[in-house]
1. From the list A:T136, A:T171, exactly one residue is among the β-branched types (V, I, T) and more than 22 Å from the chain's Cα centre (by Cα). Which is it?
2. Just name the residue that is farthest from the other protein chains (Cβ to nearest Cβ) out of those in segment B:198-233 that are hydroxyl-bearing (S, T, Y) and more than 21 Å from B:A118 (Cβ to Cβ).
3. For segment B:168-227, which positions are aliphatic (A, V, I, L, M) and under 15 Å from the mean Cα position of the chain (by Cα)?
4. Is it the case, given these coordinates, that B:T268 is exposed (fewer than 15 other Cβ atoms within 10 Å of the Cβ) and free of Cβ contacts under 8 Å to residues at least 24 places away in the same chain?
5. So in segment A:161-170, with the set limited to residues that are at the interface with chain B (Cβ under 8 Å from one of its Cβ atoms) and touching a residue at least 40 places away in the same chain (Cβ under 8 Å), which one is surrounded by the fewest Cβ atoms within 10 Å (Cβ to Cβ)?
6. Looking only at segment B:179-197, which residues are surrounded by 11 or more Cβ atoms within 10 Å (Cβ to Cβ) and among the small types (G, A, S)?
7. Among the candidates A:G23, A:G40, A:G51, which residue alone is within 11 Å of chain B (Cβ to nearest Cβ), of a type in the set (G, A, S) and buried (at least 18 other Cβ atoms within 10 Å of the Cβ)?
8. Within segment B:66-86, identify whether any single residue is under 16 Å from the mean Cα position of the chain (by Cα) and within 19 Å of B:N134 (Cα to Cα), and answer yes or no.
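The values are calculated or read from the model by the stated rules, or taken from the named source; none is laboratory data. From a predicted model like this one, the values you see are computed outputs, not experimental measurements. Methodologically, a virtual Cβ is constructed for each residue, glycine included, from the backbone with ideal geometry; neighbour enumeration extends over all protein chains shown.
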Amino acid sequence: MPDTFFTEAPHWQWWIIWYFFIGGIGGGSYAIAALLHIFGEPEDRPIVRLGYYIALPSIIVSGILLTLDLTRPERFYHMLVQSKTFVPAFKYWSPMSVGSWGITLFGLFAFLSTVGALAETGRLPWSGLSRLNQGTLGLVINLAGGLCGFFVAGYTGVLLSVTNRPLWSDTPLLGLLFLLSAFSTAAALLLLVGRRRAQPESLEWLSQIDSWALILELVVLGAVILSVGTVVAREVLFNAWGVLLLVGVVLAGILVPLLLHWRPRLLGAASPLGAAALVLLGGFILRVVMLLSSEAV
Amino acid sequence: MAEPMGFFTDTTVCIGCKACEVACKEWNQLPATGGGVNTLSGDSYDNTRRLDGQTWRHVKFIEQFDESRQQSRWLMMSDVCKHCVQAGCLEVCPTGAIIRTEFDTVVIQSDVCNGCRACISACPFGVIDINPVNGTAMKCTLCYDRMQAGLTPACAQACPTQSIQFGPISELRARAEARVQQLHEQGETRAYIYGDESILGGLNSFYLLVDEPEVYGLPSNPKLPSRNTAPAASLSAAGAAALGLLGLVSLRKRRMDRLAADRKVAATEEGGESDA
């Protein structure tokens, strides 16, 4: 029996599944917005702003979900400062500690960019605030926020690998898998929400990078299964969870959306919508299976 | 720092009386599991079943019978936190609730713990769990309070057969070696020490066993969770870099394609004008 089977489950369940999903979308949305801000064209602005608008509420909801998951929620601030002295607490070797700071920093950048975007469209009385998204300041905020976004999207998988639990700690690939899935689900949500206000060029590009992320995700998912070894795969995934992974993630969440991206007329006008909805569903099921299949051992 | 202290548990003399479990619960004021309602495991005389937030000592019964049920063997082992020299729980704890004491033991400060449960999944032995009474992660403290007053931990004090021995690690290691030697001379050649320096830098609560670790529900090669940190983080960073590059290249290509298309249109228009 592999050594990881002598351990106890931490009961990271529905709060955490929703956090992994929503936090991933938040981080991915900002990362995409930052890419378009830095390398895109002026007509991409609606999608850039939408990326910020998705990122900020996502990270706020993430913080609430994470706090609710604690068995002592009123002590949530112990993640950031020492409980008695209030001196900042940071352990660079603990994914949970680094993650807490990453989420906090990401929240700050998402807030700044959201304020900038609101000022840009005249929804805030202080138009000067639109400088947060312009020039060097905008570049710095988007670079830093984009890096934090990628971090939030991927660290959750690293956190699972830095345990001793079956499946999670039997592969170093979960961080990469969650990062790719966060990117694809974020692109899908941007496509879904932004389809009315964005230019066709932006949507075209989103659909392209979504396809790329899905292809990479499929390859990495295969590598995850191969890397955990036959004993772990048999014990953890040769059951209903494995079926859900195949049907819900591989088929419905990756292959069908790829087909719809490739042949957009297959379902008529509903194709892009259907593809995006399926990518979101697949991303959610991926987290359900990755968490609950190991919890069940 | 005081001398490293710990437990040496000689499983060959354990009689399964569970005095250690009771002494631990009494001293640490741990409530009965399930509010004292007695539930039976149904497949074993062991009804404690596992270590958790309210059970910091657990006498495992390993009941082995052959097919015909003519031959039987009972192994007993009083399980507890191993107080690893390289402790996975301490590594991952984000709040600093888990500390190493002057006795080289590992203690969770329940006034600091916020119940994130990272330590539960990090422990290679499945020792830690949440105590539902106060909602924080709890486990054996090696009776830190008693040790500070020069007392023996409650379990070792209560053990009637000296299966659980408490003392300075160096002394316990020597005693354990002598006991293995003695058992080998008596013909029990399977006896060996589980938890020397080859396991997580040494377990400050180590065992004398007479069968494979797995038979006792122990991993044969427990590892630190941090073995995965660098590879997992690097792979994720590489993924982020790849996606960033993908974004850059695809957006550049889009711009170049458009410029080329614009130039073509301009050229056609120019051509049209000159014709006129």
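1. A:T136
2. That would be B:S205.
3. At the first step, the residues of segment B:168-227 found to be aliphatic (A, V, I, L, M) are B:169, B:172, B:174, B:176, B:178, B:180, B:183, B:191, B:193, B:199-200, B:203, B:208-210, B:215, B:218, B:224.
Scanning segment B:168-227 gives B:I199, B:L200, B:L203, B:L218, B:L224.
4. Details: exposed (fewer than 15 other Cβ atoms within 10 Å of the Cβ): yes; free of Cβ contacts under 8 Å to residues at least 24 places away in the same chain: yes.
Spelling it out, B:T268 is indeed exposed (fewer than 15 other Cβ atoms within 10 Å of the Cβ) and free of Cβ contacts under 8 Å to residues at least 24 places away in the same chain.
5. Step one: list which residues in segment A:161-170 are at the interface with chain B (Cβ under 8 Å from one of its Cβ atoms), which gives A:161-165, A:168-169.
Now restrict to residues that are touching a residue at least 40 places away in the same chain (Cβ under 8 Å): A:162-165, A:168-169.
Values: A:V162: 32, A:T163: 28, A:N164: 30, A:R165: 25, A:W168: 27, A:S169: 28.
Taking the candidates together, the pick is A:R165.
6. Of everything in segment B:179-197, those that are surrounded by 11 or more Cβ atoms within 10 Å (Cβ to Cβ) and among the small types (G, A, S) turn out to be B:A191, B:G195.
7. A:G40
8. no
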